Amino acid sequence: MQKCEDHMSVEIVPLASMPRRNYCRAAEARVDYDDVARRLGARPTRGTFKDGLAFPKRYRDIGLRLSTGRFATLTQTEMRQAVIEIGLELVDGEAFYAEDLEAVTSAMGLDAEHVKRLDNGFRWL
């Protein structure tokens, strides 16, 4: 695990080591994924998912352990290369913690105005 000392206590963790919890897209940012990975000192995991189309789609993921004990993911898909999807843990299947998003965006080196919270029916605590 790599610790990002210059950011709010965030550790890079392999996705295979992340606990099975309910993660969901909470926000997105239009920023260069490679720049963020370098800033965090992370090597993204690469994967492929199939959606029934003739060509498989590729994605890259970075797993983060937050100081709260919760986890987050930073994902870039082949279809949306200019966007980083920020996945957070759902609380009781219905809400996200705003402090988790703040910790992730701080570690990414982004200001709040560069991050768009998704209106996906979940509450923010």
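The values are calculated or read from the model by the stated rules, or taken from the named source; none is laboratory data. Computed from a predicted structure; not experimentally measured. Glycine also receives a Cβ, built like all others from the backbone with ideal geometry; neighbour counts cover every protein chain displayed.
Condition check: of a type in the set (Ser, Thr, Tyr), assigned to a strand (DSSP E or B) and either closer than 22 Å to GLU113 by Cβ or at pLDDT 90 or above (or both). Does THR73 satisfy that? Break it down stepwise before answering.
Values: of a type in the set (Ser, Thr, Tyr): yes; assigned to a strand (DSSP E or B): yes; either closer than 22 Å to GLU113 by Cβ or at pLDDT 90 or above (or both): yes.
So THR73 passes the test.
Yes or no: GLU94 in contact (Cβ under 8 Å) with a residue 24 or more places away in the chain, surrounded by 16 or more Cβ atoms within 10 Å (Cβ to Cβ) and among the acidic types (Asp, Glu)?
Working: in contact (Cβ under 8 Å) with a residue 24 or more places away in the chain: yes; surrounded by 16 or more Cβ atoms within 10 Å (Cβ to Cβ): no; among the acidic types (Asp, Glu): yes.
For GLU94, the condition - in contact (Cβ under 8 Å) with a residue 24 or more places away in the chain, surrounded by 16 or more Cβ atoms within 10 Å (Cβ to Cβ) and among the acidic types (Asp, Glu) - is not met.
Scan region 19-52 residue by residue and report those that are outside any helix (DSSP H, G or I), of a type outside the set (D, E, K, R) and within 15 Å of GLU85 (Cβ to Cβ).
Of region 19-52, the ones outside any helix (DSSP H, G or I) are 19-32, 41-52.
Those left that are additionally of a type outside the set (D, E, K, R): 19, 22-24, 26-27, 29, 31, 41-42, 44-45, 47-49, 52.
Matches in region 19-52: TYR23, CYS24, ALA26, ALA27, ALA29, VAL31, PRO44, THR45, GLY47, PHE49.
Looking only at region 78-125, count how many residues are in a strand (DSSP E or B) and either touching a strand residue (DSSP E or B) at 6+ places or on another chain (Cβ under 7 Å) or hydroxyl-bearing (Ser, Thr, Tyr) (or both). Show your work before the answer.
Filtering region 78-125 for residues in a strand (DSSP E or B) gives 80-89, 91, 95-96, 115-117, 123-124.
Checking the rest, the ones that are also either touching a strand residue (DSSP E or B) at 6+ places or on another chain (Cβ under 7 Å) or hydroxyl-bearing (Ser, Thr, Tyr) (or both) come to 83-89, 95-96, 115-117, 123-124.
Summing the residues that are in a strand (DSSP E or B) and either touching a strand residue (DSSP E or B) at 6+ places or on another chain (Cβ under 7 Å) or hydroxyl-bearing (Ser, Thr, Tyr) (or both) in region 78-125 gives 14.
Give region 71-108 a look and list any residue that's β-branched (Val, Ile, Thr) and under 10 Å from the mean Cα position of the chain (by Cα), or say none. Break it down into steps so the answer makes sense when it comes.
Residues of region 71-108 that are β-branched (Val, Ile, Thr), as a first pass: 73, 75, 77, 83-84, 86, 91, 104-105.
The answer is THR73, THR75, ILE84, ILE86, VAL104, THR105.
Scanning region 19-52 for residues that are charged (D, E, K, R) and touching a Gly at 6+ places or on another chain (Cβ under 9 Å), which turns out farthest from THR77 (Cα to Cα)? Before you say what the answer is, go through the steps one by one.
Here is the first cut: in region 19-52, the residues charged (D, E, K, R) are 20-21, 25, 28, 30, 32, 34-35, 38-39, 43, 46, 50-51.
Still in the list and also touching a Gly at 6+ places or on another chain (Cβ under 9 Å): 25, 35, 39.
Numbers: ARG25: 13, ASP35: 16, ARG39: 19 Å.
So, considering only residues that are charged (D, E, K, R) and touching a Gly at 6+ places or on another chain (Cβ under 9 Å), the one farthest from THR77 (Cα to Cα) is ARG39.
Within the group ARG65, ARG46, ARG39, which residue is of a type outside the set (S, T, N, Q), exposed (fewer than 12 other Cβ atoms within 10 Å of the Cβ) and modelled with pLDDT of 85 or more? First the steps, then the outcome.
Working: ARG65 fails: exposed (fewer than 12 other Cβ atoms within 10 Å of the Cβ); ARG39 fails: exposed (fewer than 12 other Cβ atoms within 10 Å of the Cβ).
Unique residue meeting the criteria: ARG46.
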